[in-house]
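Participant: Starting off with a structure, shown below.
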Amino acid sequence: MPLYIVATPIGNLEDISLRALRILKEADLILSEDTRVAGKILQHYEIRVPLLSYHHHSGITKINHIIELLKEDKKIALVSDAGTPGISDPGGELVHQVLEAIPDIQLEAIPGPSALIAALSISGMPTDKFLFLGFPPHKKGRQTFLTKIKASEYPVVVYESKHRIIKFLEELKAVINPQAEIMVGRELTKMHETAYRGDVNKILTEIKSDLNAQKGEFVVIIKNNK
Ligand code: SAM
């Protein structure tokens, strides 16, 4: 009844480990956030294993079904849309529920890409300690979120989508020291990969002035200069 938590690419299909490919090939079932996204990787690597969706809206009935399959000794692999399952995606809840139901489960991490680590690795900022805050809350809690960024003595890593990147940077600008060092990693490992570096004013000007810069997926890293 093993459950494998398998990291998959954050863009570039070559970023997948040999072990991840073997585990996916050997699985009885692959759980994926979006079966079309996982389907692309599986097709690319000629892996023919049944897919079952597991996403934010999967309720307890789906989780119980997965638990039953694990109890029946099925080898199950979990992948997310990008990167490491459980990092700012629904994988964490599944792992929690499975551990509650089957405390002695064979649970194995198959490590690999994660957008936050990729961004940190090219940030040029001190990365021996950092604070990862995930996505800013959409409504309630936004000010507290920004206050946490401003107060951090370590670089802070935030995920953001194309719909809200300008809004987030504008709100950041309103609270942050204008000298704070920022990197925005956009479309990492993909064709239009870009890293914007500088203070918040410079980065906002660059992203606002280019419609293409407002497309894709973003990681923002903020280092307060106190
Ligand atoms: N589990 C994933 C991981 O390990 O990175 C993160 C999942 S979270 C739902 C998706 C967010 O990760 C995106 O909105 C974006 O902020 C970030 N992200 C994912 N892929 C990215 C990429 N190629 N470039 C920049 N950011 C990316």
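Participant: Each residue of region 124-140 in order: what ³J(HN,Hα) in whole Hz does its phi give by Karplus 6.51 cos²θ - 1.76 cosθ + 1.60, θ = phi - 60°, with x for Gly and Pro?
Facilitator: With the stated coefficients, region 124-140 comes to x, 9, x, 10, 5, 9, 8, 10, 9, 10, x, 7, x, x, 6, 10, 5 Hz.
Participant: Okay, next question. On a full-extension model of 0.36 nm per residue, what is the gain between Thr35 and Ala174, subtracting their alpha-carbon distance, rounded to one decimal in nm?
Facilitator: Answer, rounded to one decimal: 46.0 nm.
Participant: Give me the number: length gained by fully extending Leu13 to Val49, i.e. 0.36 nm times residue separation minus the C-alpha to C-alpha distance, one decimal in nm.
Facilitator: 11.1 nm
Participant: Evaluate E = 1/(1 + (r/R0)^6) for Ser209 and Lys150, where r is the Cβ-Cβ distance and R0 equals 30 Å; express this FRET efficiency to the nearest 0.05.
Facilitator: Efficiency computed from Cβ-Cβ geometry: 0.70.
Participant: Now for a different question. Classify region 2-110 as rounded, prolate or oblate from the Cα gyration tensor: take a ≥ b ≥ c as the square roots of its eigenvalues, call it rounded if a/c is under 1.5, otherwise prolate when a/b beats b/c and oblate if not.
Facilitator: On the way: a/c = 1.67, a/b = 1.46, b/c = 1.14.
Since a/c reaches 1.5 and a/b is larger than b/c, the shape of region 2-110 is classed as prolate.
Participant: Still on this structure, I have one more. Can you list the residues, at least 5 places off or on another chain, whose amide H is less than 5 Å from the amide H of Ala109, using H built in the peptide plane?
Facilitator: Those lying under 5 Å, H to H, from Ala109 are Ile5.
Participant: Here is a further query. Stretched out fully, how many nm does the piece from Lys167 to Lys140 gain, at 0.36 nm a residue minus the Cα gap?
Facilitator: Separation in residues times 0.36 nm, less the Cα-Cα distance, equals 8.2 nm.
Participant: Which lysines does Lys150 reach when only Cα atoms under 27 Å apart count, and residues fewer than 8 places away in its own chain are ignored?
Facilitator: Lys129, Lys139, Lys140, Lys162, Lys167, Lys173, Lys202, Lys208, Lys215, Lys223, Lys226
Participant: Rounded to the nearest 5, what % of the DSSP beta bridges within region 1-120 are antiparallel ones?
Facilitator: DSSP beta bridges in region 1-120 are roughly 5 percent antiparallel.
Participant: Continuing with the same structure: Provide the per-residue ³J(HN,Hα) series for region 106-113, in order, calculated from phi with Karplus coefficients 6.51, -1.76, 1.60 and θ = phi - 60°, each as a whole number of Hz, with x at glycine and proline positions.
Facilitator: 7, 10, 10, 8, 10, x, x, x
Participant: Under the rule of -39500 (n - 2.57) per DSSP H run of 4 or more residues, summed and divided by the residues of the chain, what mean residue ellipticity at 222 nm is obtained, to the nearest 500 deg cm²/dmol?
Facilitator: Details: 8 runs with 79 residues, N = 226.
About -10000 deg cm²/dmol.
Participant: To continue, here is another question. What list do you get for Glu14, Glu93 if you sort them by fewest beta carbons within 10 Å?
Facilitator: By the 10 Å Cβ count, ascending, the order reads Glu14, Glu93.
Participant: Still on this structure, I have one more. Could you work out how far apart the two model spin labels at Lys202 and His65 are, taking each label as a point 7 Å from the Cα in the direction of the beta carbon, and quote it in nm?
Facilitator: Calculated label separation equals 5.2 nm.
Participant: From the square roots a ≥ b ≥ c of the eigenvalues of the alpha-carbon gyration tensor of region 40-159, which class results: rounded (a/c under 1.5), prolate (a/b over b/c), or oblate?
Facilitator: prolate
Just so you know, all these numbers are worked out from the coordinates, no wet-lab data involved. Keep in mind that this is a model prediction, so the values were computed, not measured. Note: ideal-geometry Cβ built from the backbone for every residue, glycine included; neighbour counts use all protein chains shown.
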